[in-house]
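All remarks here apply to the structure that follows.
Nothing in this text is a laboratory measurement; each read-out follows from the coordinates by a stated rule. Computed from a prediction, not measured in an experiment: that's the story for all the values here. Please note: Cβ atoms are built from the backbone with ideal geometry, for glycine as well, and neighbour counts cover all protein chains shown.
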Amino acid sequence: MLKSLEIAGFKSFAKKTELHFKSRVTAIVGPNGSGKSNVAEAFRFALGEQSIKSMRGKRGEDLIWNGSTEIGRSNRANVKLVFDNSKNLFSLDFEEIVIERVVNRDGGNEYYLNGSLVRLKDIFELLSQAHIGASGHHIISQGEADRILSANIKERKEMIEDALGLKIYQYKREESERKLLKTEENIKQVESLRREIAPHIKFLKKQAEKVEKAEELRVKLSKFYREYLKREQVYIESQNNSIKKEKEPIVGQLKDLNKKMEEAKEILIASESKDQKSEELLNTENEIKKERENKDNLYREVGKIEGEINVNKRNIEKIETDQRSEENKTIPLKEVEELEKEVSTYLEITKIIEKIRNFIISHRSKLDNKHLDRLNEENDSLIKIKVELEDKIMKVEESLSELSSKYQKIKESIEKEKDSSREAEKTMFKISGEQSNLRNRLNILEMETRRVSSLEEDWKREIKEGGVLLGTAILGFENDEIPNLEEVPASAESYGVAREEKRRELEKMKIRLEELGGGEGVEVMKEYKDSIERDEFLLKELEDLKNSAKSLEQLIKELLLKLDVEFKQGIEKINKSFHEFFSLMFGGGEAKLEIVKSKKVRKYENLEMDEDGESIRTNKSSMLDALDLPSFEDGDFGEAMGGIDISVSLPRKRTKGLEMLSGGERALTSIALLFAVSAVNPPPFIILDETDAALDEANSKKYGDMIESLSKVSQLILITHNRETMSRAGVIYGVTMGRDGVSRLLSIAFDEAVAVAK
């Protein structure tokens, strides 16, 4: 039930104005130009009307109070409708539903539902649940009353379908027909796709069978590869942990010794007996320190060169392995051409065979050693550099030995001359020796670290190669459980021998897999599997589309039957109410709606699909024939596809047909029909805007009787000048307009007055 209407800044209602609809019939009266029809337009506005013209404006700004000499103009207009939802008129869990629309001077519109900003679409969907629309049959102005009589039979049929709430079936049917056509197109496309990929699947099947052998080797290689990488990882980690464990205490000891050395130096420097020999001792110590640093740098250079030599050795071994394989022998094209020329001169076959055999033998032993020679030369050069560095190290060690001897002699001399600093010097000498030993141990560990680092680089490179060759099959080897993993050799020498054996076996398996086209095989199997899955998917999709088409055909059949049945039932109900209202208005007579027959529709021609259907135009024949609707054979559907005519017969007159009616008679007939339609499928409220303007006193009383009858099924808001109509209202709102041009309200509640009087 409609509870209230609040208007603010809308047209002539400059100030906030509120109307309460406590009665089943509410009348709004007032002189011409007072703004009472603006109330009906406020309803249209709040319910989402988009045609500004239907609200007597050209643009949105025309709906906003434009000001007067006394009151300035408003920047916006808003209208708010409040509904009682205690009987679940709307499918929202609220006792009260508030719909509000706001228009600003820039033309922007806002819609609110119970205070929350929503879309216009949300408002329309909510209102449609209660059989309410922005400009539907429930808001009838004086000019629109005659529209149902003056419309042609097709337009009149559409108006009645809308009033009966059957438009939804029309929309669903049309949408289902578009979907059916689209589904049939999709079926053809899927069948075409399956025909296209069938030969390719057949070809891939043969290729897949060929790849299976390579896949077996690939699985074997994957297992071997993963075990190799896992063992390498364990060995590298154990070596790094061992080095770290051994290195940490040495670093700590050196730190402590350095601290003690600094303390001894401070004692020596602070000694009052410091002289030239003490300074010489410190200088000698500094020289020893520099020589040791030089020695450490030389050791690092040697380690780096050793790493490069090891890499070159592995590359040399790989080249020599390739040279031992006859499959990798290459022969220059020029030599083959020369052989062809020589053979062509021989007439005897035995000579040709002998010549070819000699050619093969000569090339079997022929080796391309350019790259190998370069690597050997590079290694020889590196070895020479290593020897030179080792010589430098020896010289540095000799120098260190001389400096140590010198240091010892100076120290002994100082001990004799300076008893006070002797203890500090002893400490420094002792610390120096310990530092030297610890640094030597660190140098050895550093060389070991570089060796393990080189192994780790090779290991990472193998992971990359394995990834390229085996793909994701190489992933996760870190989590594999390898039997006898604890038997990994501890020493570098023993581990190196076992490692090289596994590397050679690994390389052999790689070569065999590449010869079988292992990488391409994986792609072929994947493509074959994808193609099979694609075909199975298309087959399932084809079945789904066919089932969908059957469902759509059944749905269209049901919708057509439902539309036909409910339309006929609705016409029967309207005719019953139409006859009653017509008889009431004219004191008798006959009036009814008649379904006008048209030619049977046996096919859809030039059916256009919407954007979702990509604007497909077709002359698809007899879609309806496929639905097998028996009622179409006897012309029933043809009637539904026709229109609606109106047959009237006035009492005590020979007048028959709408064209024979006078203006007043047409007004009474249109009112009777509108009331009949509203009574059959009543909306929650009906607004009648001066639809009684053309009635005389006698007909006004009949009009009033119809209003009372209609008010039993719908809440009525009457905008009227008619006294008789006013008398049927429980509440009357009077609209006045002062000099400032603002519409104002006065109200009289007759229902409450009568109750008080009693």
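Remarks
- Database remark: amide H of F13 closer than 5 angstrom to the amide H of S743 (H placed geometrically; neighbours at sequence offset of 5 or more, or on other chains; Pro and chain starts carry no H).
- Each of the peptides 306-314, 672-680 was scored by the mean count of other Cβ atoms within 10 Å over its residues; in descending order, highest first, they stand as 672-680, 306-314.
- Each peptide in 64-72, 337-345, 12-20, 576-584 was scored by the mean count of other Cβ atoms within 10 Å over its residues; highest first, the order is 576-584, 12-20, 64-72, 337-345.
- Of the trypsin sites (Lys or Arg not before Pro) found in the range 79-188, the ones in coil according to DSSP and having at most 12 other Cβ atoms within 10 Å of their Cβ are K87, R119.
- Filtered trypsin sites (Lys or Arg not before Pro), the range 642-682: DSSP coil and at most 10 other beta carbons within 10 Å: R652, R654
- Computed FRET value (nearest 0.05) for K210 with F537, which takes r as the C-beta separation and R₀ as 25 Å: 0.45
- Taking 7 Å steps out from each Cα toward its Cβ at D84 and E377 produces label points 10.8 nm apart.
- Where labels lie 7 Å past Cα in the beta-carbon direction, separation of K53 and N286 in nm: 10.5 nm
- On the beta carbon distance between K406 and V251, with R0 = 30 Å, the FRET formula returns roughly 0.55.
- The gain in end-to-end length when the E434 to R357 segment is fully stretched comes to 20.5 nm, 0.36 nm per residue minus the alpha carbon separation.
- ³J(HN,Hα) computed for each position of the range 497-510 - Karplus, 6.51 cos²θ - 1.76 cosθ + 1.60, integer Hz, glycine/proline x: 4, 5, 5, 5, 4, 5, 5, 5, 5, 5, 5, 4, 5, 4
- Taking label points 7 Å from Cα along the Cα-to-Cβ direction, T736 and I463 give a separation of 9.3 nm.
- Multiplying the residue separation of R314 and K223 by 0.36 nm and subtracting their alpha-carbon distance yields 30.4 nm.
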